[in-house]
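Participant: One structure coming up, written as structure tokens, with questions to follow.
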Amino acid sequence: MAQRAVAISPVAGIGAATCVVVLILAALGAVLSRADLVAGLRLSAADWAAIRFTVSQAAVSALLSVILAIPVARALARRRFVGRAALVTLLGAPFILPVIVAVLGLLTVFGRNGWANDALDAVGLPQVSIYGFHGVVLAHVFFNLPLATRLLLQGWQQIPAERFRLGAQLRLTPRAMFRAVELPMLAQVVPGVAALIFAICLTSFAVALTLGGGPRATTVELAIYQAFRFDFDLGRAALLSVVQLVLAGGLSLLALQFVPQISVGGGLDRAVMRWDAGGRGRRVLDTGVIALAATFLLLPLTAVILRGAVGLPQMPGSVWYAAGVSIAVAGASIVVMLALALPMAGWIAIRRGGGTEAVGLLGLSASPLMIGTGWFILINPVADPFDFALPVTIAVNAMMALPFALRTLVPPMRDTVATYGRLSASLRLRGWRFWRIVLLPRLRAQIGFAAGLTGALSMGDLGVIALFADPERVTLPLQMYRLMGAYRMEAAAGAALLLLALSLGVFWLCDKGGRWRAEA
Amino acid sequence: MKYLTFAAATLGATAATTFLVPSATAQTPELTVYTYDSFVSDWGPGPQIEKAFEAVCECDLNLVGLGDGAALLARLKLEGERSDADVVMGLDTSLIAAAKETGLFAETPVSADYDLPIEWTDTVFAPYDWGYFAFVHNKDLDAPANFKALGESDLKIVIQDPRSSTPGLGLLMWVKAAYGDEAPAIWEAMADNVVTVTKGWSEAYGLFLEGEADMVLSYTTSPAYHLIAEEDDSKAAAAFDEGHYMQIEVAGALAGSDTPELAAEFLNFMVSDAAQAILPTTNWMYPAVIPEGGLPAGFETLTTPEKALLTPADEVPAIRAEALDEWLNALSQ
């Protein structure tokens, strides 16, 4: 193969990736340095059971989320209708809600006295229980289906309109169109999305515990939590953290290796016209798919909103202060995330293998408790950890969002570099000028999406802050839990609604900003 | 002009902070108290305790909320002797043995005439409030009278995971204290009553209020909140005839404190009338020493167990490990 056109320098990307790796490994090292390693570390039978459960529920959840997302994203890509943009934004909501809020929303629909069971009762059918393995999977699909849909939708939007025009001229049937045009795109995007969701589900433990129904639903993250909190066995905590890193990182690496390198080629960025999508049957099918997905995702959200509206007037003023802190943290997380993600995406885009992207997954697969504790150990001897509560939270939030950002940024960046790299190089557009003139304008939509997701995720995060927090630096989710702890469930529901509104708001602002004056 | 005004305002503000704030703090001694989250929240005892103590101590009380009791202890172990804390408040009898093992605590300066169902003999920690664990339910429920009846019924309960929450651990100790070697059988009988196990108290109580279960593991004092704060008398706590396990919340001074006298003053304040009268309707627990004014109206309606159960603090670690294994085995079937 001839020398590849490279207009991006890998230095910044390697630097950013090193930052991430150092941040995580330093934390791990710090935990290990304080661990009592004499005991001889081994994984117990219970640990193995936890690993098996963690992997199987994550695999099923990831697979189901992606499989269900394909028809939804396809239908959304083919259709234009009033409220589509709002729907697409709303679909982002479940993902960013604190677990307890989302779970209570789900229970309003699928719980013992939920709407679904009421409906089943009405027609004389037996009740369904949401607890158990299927409950965990249901909740994970609720959380991740929207994310998968959004990422796949972006894949569809990367296909140049000319492909569909050509397909239509050749009178390809929808099935042939799918095979010739859409399947190659899916083959490129799906493994990464599945790997991402797998990693997310791997580190979940509040969902798995609450809906799993008990000790059977023990995850590795819960074992880490127990090791830190109750046994204060840092050696075991570190060992389990490594297990989690290897599981999430390793399996994702494997998935990314199978991503075929397919470039969809340059197009004219016109609106995606779908000549193959006509016909009443297909229209009914798409409408049905969208309606089903929207019902599944929006009903629990409606429950959160209805309940929250009642509680809003009861919220004490401190909730608003916490909301302010959360907004500031979210803004800072976005900046840090972009500073890490853009150079890393550039570096990954000019490399041939996809393995480097796994570095991004490290941030997601590392336990926030491990990172928090590690940095606490590092900071404590030299400074007051309280002063670093917000910076550490911001850094961890940015790293958590990194894999989502990379998954969104890399494919279009790879295409842009492949398409315009040589031309730009011949025009001596290199380095910053290439970024400014070619890359950034073409990636606006993806950057906006990544920034919105980071802001929203950061808004709802309750990880590190709990370890470092003091009264002056309380974030909104933490304040919500404090309200619940003081029995003020209605006020907590109000705070949850505020959180939902803020998360959606920051997401909408960034996403809209990215697509301003551009065809979605 | 706008910029000039802005610059002047900034300068003024900086000058004010530089000249006023340090001189104010330089003279006032500061006492740092680590406690759990819900204590320091606006609706917890924190703000009132702070105001009441600062009125008498001529000091600056700095209450720091850190998760729950278990998180508090973990935090202390992380900080070791470098800790800025002078007092730790919010550990319970399950955590006392582990806390003493750190060697960070000093003998307690408090000696009070406690109104506890048991005799308090610990010399390192002083109790400030306490409660009984209990299953809370709606009043219209025909509640079981003990764990055996619960196991035989088809009532649904929500409990907390002992590996991530202190009430969850309390339930383990409760069953173990009541039934000893019979505990595994009790858990096996109850396995089909457990709808689900949650990470913490908030999640479990939320599920119960949603109607996901008939009963939830909480405290006998939980109905007092609904009654007093919400004027809702629909909740009750089931009285179990084998006795109820107690949670006694304690405070202790750190040996490394740079203001030991102030720490002692605070610990004594916590068992005084001024503090004890605040706790029942903010922390929703019983006071360790009943204040002169007695318990608030509404507390007389609460379930009062015939028998109080408590495992001696030094026996907790061994029993906890055994009970956790038994619990995991019984519920994993």
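Participant: Among (1) part of a helix (DSSP H, G or I); (2) more than 9 Å from chain A (Cβ to nearest Cβ); (3) of a type in the set (D, E), where does B:E203 come up short?
Facilitator: With respect to (1) part of a helix (DSSP H, G or I); (2) more than 9 Å from chain A (Cβ to nearest Cβ); (3) of a type in the set (D, E), B:E203 is out only on (2).
Participant: Under 7 Å between Cβ atoms, which residue pairs at least 6 apart in sequence (or on different chains) link something in the range A:178-195 that is of a type outside the set (A, V, I, L, M) with a partner that is buried (at least 16 other Cβ atoms within 10 Å of the Cβ)?
Facilitator: Close Cβ pairs satisfying both conditions: A:Q188/A:V259; A:Q188/A:P411; A:P191/A:A255; A:P191/A:L256; A:P191/A:V259; A:G192/A:L256; A:G192/A:V259; A:G192/A:R407.
Participant: Could you check the range B:32-46 and list, in sequence order, the residues that are small (G, A, S) and open to solvent by 10 Å² or more (accessible area, probe 1.4 Å)?
Facilitator: B:S38 - this is the single residue of the range B:32-46 that is small (G, A, S) and open to solvent by 10 Å² or more (accessible area, probe 1.4 Å).
Participant: Something else: Please go through the range B:55-94 and give me each residue that is in contact (Cβ under 8 Å) with a residue 40 or more places away in the chain and under 24 Å from B:F133 (Cβ atoms), ordered by number.
Facilitator: B:D68, B:G69, B:A70, B:V88, B:M89, B:G90, B:L91, B:D92, B:T93, B:S94
Participant: Hey, among the residues in the range B:53-70 that are open to solvent by less than 30 Å² (accessible area, probe 1.4 Å) and more than 29 Å from B:L169 (Cα to Cα), which one's nearest to the other protein chains (Cβ to nearest Cβ)?
Facilitator: B:L61
Participant: For residues that are modelled with pLDDT of 85 or more and open to solvent by 50 Å² or more (accessible area, probe 1.4 Å), scanning just the range A:67-106, find the one that is farthest from A:L138 (Cα to Cα).
Facilitator: Among those that are modelled with pLDDT of 85 or more and open to solvent by 50 Å² or more (accessible area, probe 1.4 Å), it is A:P71.
Participant: In the range A:59-105, which residues are in a helix (DSSP H, G or I), under 20 Å from A:D461 (Cβ atoms) and among the aliphatic types (A, V, I, L, M)?
Facilitator: Of everything in the range A:59-105, those that are in a helix (DSSP H, G or I), under 20 Å from A:D461 (Cβ atoms) and among the aliphatic types (A, V, I, L, M) turn out to be A:A93, A:I96, A:V99, A:I100, A:V101, A:A102, A:V103, A:L104.
Participant: Right, another one. From A:W508, A:W432, which residue is open to solvent by 10 Å² or more (accessible area, probe 1.4 Å), out of contact with any Cys (no Cβ under 9 Å at 6 or more places or on another chain) and at pLDDT 85 or above?
Facilitator: Within the list A:W508, A:W432, the selection yields A:W508.
Participant: May I pose another question? Restricted to the range A:198-221, and to residues that are within 7 Å of chain B (Cβ to nearest Cβ) and surrounded by fewer than 24 Cβ atoms within 10 Å (Cβ to Cβ), which residue is farthest from A:L25 (Cα to Cα)?
Facilitator: A:G213
Participant: Does A:L423 qualify as being more than 30 Å from A:D233 (Cβ to Cβ) and either in the same structural domain as A:A16 (by TED's automatic domain parsing) or touching a residue at least 40 places away in the same chain (Cβ under 8 Å) (or both)?
Facilitator: On the way: more than 30 Å from A:D233 (Cβ to Cβ): yes; either in the same structural domain as A:A16 (by TED's automatic domain parsing) or touching a residue at least 40 places away in the same chain (Cβ under 8 Å) (or both): yes.
Here the answer is yes, as A:L423 does meet what is asked.
Participant: Does the range A:307-320 contain any residue that is in contact (Cβ under 8 Å) with a residue 12 or more places away in the chain and not in a helix (DSSP H, G or I)?
Facilitator: yes
Participant: Taking the conditions exactly as written (open to solvent by less than 30 Å² (accessible area, probe 1.4 Å), in contact with a Phe, Trp or Tyr (Cβ under 8 Å, 6 or more places away or on another chain) and over 24 Å from A:L440 (Cα atoms)), does A:I371 satisfy them or not?
Facilitator: no
Participant: Within the range B:131-175, track down each residue that is under 14 Å from the mean Cα position of the chain (by Cα) and either within 14 Å of chain A (Cβ to nearest Cβ) or at pLDDT below 95 (or both).
Facilitator: Scanning the range B:131-175 gives B:G131, B:S165, B:T166, B:P167, B:G168, B:L169, B:G170.
Participant: Quickly run through the range A:394-418 and pick out the residues that are at pLDDT below 85 and polar (S, T, N, Q).
Facilitator: A:T408, A:T416
Participant: Condition first: within 7 Å of chain A (Cβ to nearest Cβ) and in a helix (DSSP H, G or I). Now tell me which residues in the range B:208-228 satisfy that.
Facilitator: Within the range B:208-228, B:L209, B:Y225 meet the criteria.
Participant: Count, please, the residues in the range B:121-139 that happen to be out of contact with any Ser or Thr (no Cβ under 8 Å at 6 or more places or on another chain) and surrounded by fewer than 17 Cβ atoms within 10 Å (Cβ to Cβ).
Facilitator: 1
The values are calculated or read from the model by the stated rules, or taken from the named source; none is laboratory data. Just so it is clear, the structure is predicted and the values come from calculations on it, not from any experiment. Quick reminder, even Gly has a Cβ in these numbers, built from the backbone with ideal geometry, and neighbours come from all protein chains shown. These accessible areas exclude ligands, DNA and RNA; they are computed on the full protein's heavy atoms, side chains included. Shrake-Rupley method; radii C 1.70, N 1.55, O 1.52, S 1.80 Å.
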